[in-house]
Amino acid sequence: MTEHEIKISFKAYNNIGELSASEQQLCAEAAKAQQGSHSPYSKFRVGAALRLQSGKILYGSNQENVAYPSGLCAERVAFFNWGANHSDDPIEAVAVTASTDEFELTHPVASCGACLQVMAEYEKKQNKTIEIILFCNNGPVWIMNGVESFLPFLFFEKGLEK
């Protein structure tokens, strides 16, 4: 038997005021994206903003549906928009935030596994990692360099590539 250990690293900040101006702006855009959230069931609003190499910002917000699981997370809404309309303009960074009136969020909320796998697919497609900024309004910020920080065993099967 061989035992292996996996470590991740990420940057933690107390609030968005400690970020660079471009990171602060992307966080503001993610917060703005929450306005498009359709979340009448969970009342949990999520916004995502992608910054492309050209400087263009793409938005996504969670879209719930009474016929669960027909809805879609904010991250996938934004990333699928990129894949369908802007795939020639590489993604530099994504900022994701969440809020609810039901309880207080005291730390950033990580993207779900399905969203992380989609992000991984697009990192692979553009052959470049994406800076991932997770933040909580008036709270901490976590910045990861690429999806492998979340999913060290990403699903990629060489036999599927033809």
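Provide the packing ranking of 90-97, 137-144, i.e. peptides ordered by the mean count of other C-beta atoms within 10 Å per residue, highest first. Let's see the in-between values first.
On the way: 90-97: 23.8, 137-144: 16.9.
Ranked by mean Cβ neighbours within 10 Å, highest first: 90-97, 137-144.
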Inset, instruction - Divide by every residue of the chain the summed helix terms, -39500 (n - 2.57) for each DSSP H run of at least 4, and state the resulting mean residue ellipticity at 222 nm, rounded to the nearest 500 deg cm²/dmol. - result: -7500 deg cm²/dmol
Inset, instruction - Decide, for the range 19-74, between rounded, prolate and oblate: order the square roots of the alpha carbon gyration tensor eigenvalues as a ≥ b ≥ c, take rounded if a/c falls under 1.5, and otherwise choose prolate if a/b is larger than b/c, else oblate. - result: prolate
Legend entry - Entries in K124/K158; K56/K128; K32/K124; K11/K128; K7/K158 that, when Cα-Cα distance is taken, lie over 23 Å: K32/K124; K7/K158
Inset, instruction - For E104 paired with H86, estimate the spin-label separation in nm (one decimal), with each label point 7 Å from Cα along the Cα-to-Cβ line. - result: 3.5
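Neighbour counts of other C-beta atoms within 10 Å: give me D89, D101 arranged from fewest to most.
Details: D89 16, D101 8.
Listing D89, D101 from fewest to most nearby Cβ atoms yields D101, D89.
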Inset, instruction - Report the net charge of residues surrounding E64, where surrounding means a beta-carbon distance below 12 angstrom and charges are Lys +1, Arg +1, Asp -1, Glu -1. - result: +2
Legend entry - Average silhouette area of the range 53-121, convex hull of alpha-carbon atoms, in square nanometres: 5.8
Legend entry - Summed residue charge, Cβ within 14 Å of L116's Cβ, Lys/Arg positive, Asp/Glu negative: -2
Inset, instruction - Just add up the charged neighbours of V141: K/R +1, D/E -1, any other residue whose Cβ is under 10 Å from the Cβ of V141. - result: -1
Inset, instruction - Report the extension gain between Y13 and S54 in nm, rounded to one decimal, defined as 0.36 nm multiplied by the number of residues separating them, less their alpha carbon distance. - result: 12.1 nm
Legend entry - Calculated Rg and Dmax of the Cα atoms in Å (choose from (1) 19.9, 61; (2) 14.8, 46; (3) 15.9, 52), label: (3)
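Computed from the coordinates by the stated procedures, all read-outs in this text should not be read as laboratory data. In this text, all values refer to a predicted model and were calculated from it rather than measured experimentally. Because the Cβ atoms are built from the backbone with ideal geometry, glycine has one as well, and the counts that use them run over all protein chains shown.
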